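Read through the structure below, which is laid out as structure tokens, and then see the notes.
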Amino acid sequence: MGNFAKGKYSNYGTLEIKATGDVYTGEWNKGIIYRGTWTKKDGSRYEGTFWKKMADGRGVWTKDGDTYSGDFVKNKFEGQGTYTKKNGSTRKGKWQGGQLIQEDRYQGTSRRKRYMGYTQYNMNYNP
């Protein structure tokens with residue numbers, strides 16, 4: 001449900017995908033989702049910008065109490081971002097292909113970086 005222009009979704013609306021149980025609510029541009037919230041049947045949720053039905057740009061992803069806030073490219077954490085687990089532990093730094101590749105660490109007034117891997121997350125937000 002929403003607005004249409006020349007037979008395509010336009011402006012703001014909601015799309016419910018009955019086959020998967022996913023729901024998208026947000027902005028459309030010429031029939032293409034642009035910025036909004038995608039909620040999956042498994043409870044995960046992405047709020048931010050999209051490109052070709054994928055999380056892309058700045059956004060926030062949540063699932064089971066865990067949260068990632070930062071940059072996305074093609075449904076993966078990519079660029080600067082912060083991952084916060086349900087227990088409150090935080091990983092902040094540079095992400096590539098869904099993995100933390102450079103972690104920001106702060107001790108006193110000095111700043112040091114350490115390279116390390118982290119669990120890969122594939123968002124799979126394609127309807």
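Computed from the coordinates by the stated procedures, all read-outs in this text should not be read as laboratory data. Treat the numbers as computed from the prediction; the structure is a model and nothing was measured. Glycine also receives a Cβ, built like all others from the backbone with ideal geometry; neighbour counts cover every protein chain displayed.
Brief remarks on what is shown
- Length gained on full extension, THR82 to ASN11: 22.5 nm, using 0.36 nm per residue less the C-alpha separation.
- The ARG105 and LYS18 beta-carbon pair, evaluated with R₀ = 35 Å, returns a calculated FRET efficiency of approximately 0.15.
- The amide H of SER44, built 1.01 Å from its N in the peptide plane, has no neighbour under 5 Å, considering only residues 5 or more places off or on other chains.
- Computed label-point distance, nm, for sites ASN29 and ARG58 using a 7 Å Cα→Cβ extension: 1.6
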